[in-house]
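Working notes for the structure below.
The values are calculated or read from the model by the stated rules, or taken from the named source; none is laboratory data. From a predicted model like this one, the values you see are computed outputs, not experimental measurements. So basically every Cβ, Gly included, is an ideal-geometry build from the backbone, and we count neighbours across all protein chains shown.
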Amino acid sequence: MRSSAGMKADTPEEYASQYRGLLQAVADGCGLTAEEKTLQASPGLSEMEVQNLWAVGMFGREWESEHHGHVSILHYGEWNRSAGPDFLYAEIKINDRLVRGDIEIDPNVQAWEQHGHGANPRFNHVVLHVVLTPPPPGWFTRNSMHMEVPVIYLSPEKIREALNIQEPAIDAICGRGGWGDRTELCACPLADMTPAQIESLLLAAAAHRIQCKRRRYRRKAAVLGEAQASYEAWAECLGYSANKEPMIMLARRAPLNRLRGLNAEAVLLGTAGFLKPVLPNRTEAEAREYHRHVWDAWWKIKDNFELAEQRKPTWQFTGIRPLNHPHRRVAALAVSAAQWHEIMPLLRATHSKQLVDSLCNLNHPFWERHSMLDSPALQRPCALVGRERVKDFLCNHVYVQDESREAWVAFTSLIRPAQPTRVSHLTKSLFGQRDDLRGILRHEYACQALLQIGTDFCRNGSCRNCQFPIQLKELCVPSS
């Protein structure tokens, strides 16, 4: 980058500033209207993710409804575990009128009728209908008593605020200017960049990614507290890519402050929906004994934690290695939750070695020898948490929330043994077969940078009319 990525920056803040400059240059090159930027700025969230964010007030408190004026949230309600509205016993103000009741969240206003809420007396106490897409003109949400329910719309700006995303993603296909009808790979301008320039570009993208994650973590910690926010980050890490969302939801449904004095394994395995009154006949005696112990603790408290079928986390079981089975991952969360007060002080870059040792030494006599509640014993004991999982936690949480220089140095020193499939694909698209980049691309920061570049510029998987290589040609010049 002219006067930026072509030179080494001194701090991660300077690197991140360079990347934001590239983002802005690409946005300007696309010539997007304000409306187009707003449309592109809306991250796709599942309804369960929205409920997760609503439960801790991440969307703010003030809205304007179409028919009822100003809406203020005084209390977001209790996240419902059973059938019925999503949140119970909420308190809101409509203009100056205090209203108490329930809140329902839907992808759109039409879902209210599609799901039969309008004819269901359980929804007669709903005082606010929250939707993720704009209501059509003239729409009125009504309950079975033919009373109108106020509607508020979670705009892309509200969602971005909740996720703490500041810059809109840039659509790779702007359809304006650029290369005309020709298709050019990013590897064209990148082929003219030296390894030092590419290293600076990747460090800039990685620093920007860290800052985005840090803002989101700080926002969560301000609402949940540091302990709960870090506990959820660890749960997300244990979920791997397939079960991140269910693990976060589980940690939110069974928070640390509710686990005190209880059997954490029983609470978490039961809330996850994994415990059954009776295991299959084929189950071995050791597994039956462990299950009976956990079940005896669960049935006494299940009324306080059990989720209705439609509210249970949706677990991914197929394509999962046995040692990464959700049963085992939830058990690892339970073991670590019981020791979280000892783990918390280690969540700093200066304590990385102690943290790795602590998490890798988590042990459990049953789960070191089993992958599922009803599985046969493994041929040999296996660690409950592996070093690569802890390294992922360091990269995506510990070094993110730690703003010290030591954290940045430690982050940029991490080596990744293998690239994820998406990163490998991006590497080939961007750099082709450049052998001189192997040393750079084996670093964890390069992986994080490529994920960020892919998110910002490669969402449609096509290079036609992409502004990214154009701006690289203008902003990146070979070293003399």
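Overview of results
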{"quantity": "Subset of the range 132-162 [crowded, with 18+ Cβ neighbours inside 10 Å and assigned to a strand (DSSP E or B)]", "calculated": "THR141, VAL149, VAL151, ILE152, TYR153"}
{"quantity": "Neighbours by Cβ (under 7 Å, 6+ apart or cross-chain): first from the range 276-288, of a type outside the set (A, V, I, L, M); second assigned to a loop (DSSP other than H, G, I, E, B) and modelled with pLDDT of 90 or more", "calculated": "PRO280/ASP374; THR283/ASP374; GLU284/PRO376; GLU284/ALA377; GLU286/ALA377"}
{"quantity": "Total residues in the range 239-270, condition surrounded by 17 or more Cβ atoms within 10 Å (Cβ to Cβ) and either touching a Cys at 6+ places or on another chain (Cβ under 7 Å) or assigned to a helix (DSSP H, G or I) (or both)", "calculated": "18"}
{"quantity": "Conditions (1) closer than 27 Å to SER46 by Cα; (2) not assigned by TED's automatic domain parsing to the domain that holds GLN316; number of the one not met by SER230", "calculated": "(2)"}
{"quantity": "Scan of the range 101-155 for residues that are of a type in the set (D, E, K, R) and over 19 Å from VAL71 (Cα atoms), ordered by number", "calculated": "GLU113, ARG122"}
{"quantity": "GLU232 being modelled with pLDDT under 85 and not small (Gly, Ala, Ser)", "calculated": "no"}
{"quantity": "Residues of the range 271-280 that turn out to be outside any helix (DSSP H, G or I) and within 19 Å of ARG311 (Cβ to Cβ), as a count", "calculated": "5"}
{"quantity": "Members of the range 281-304 found to be of a type in the set (D, E, K, R) and either surrounded by 19 or more Cβ atoms within 10 Å (Cβ to Cβ) or within 20 Å of ARG252 (Cβ to Cβ) (or both), listed by number", "calculated": "LYS302, ASP303"}
{"quantity": "Residue match in the range 305-317 (condition: surrounded by fewer than 17 Cβ atoms within 10 Å (Cβ to Cβ), more than 15 Å from the chain's Cα centre (by Cα), farther than 29 Å from VAL56 by Cα and touching a residue at least 60 places away in the same chain (Cβ under 8 Å))", "calculated": "no"}
{"quantity": "Single residue of the range 204-229 satisfying the filter (closer than 15 Å to CYS395 by Cα and touching a Phe, Trp or Tyr at 6+ places or on another chain (Cβ under 6 Å)) that is surrounded by the fewest Cβ atoms within 10 Å (Cβ to Cβ)", "calculated": "HIS208"}
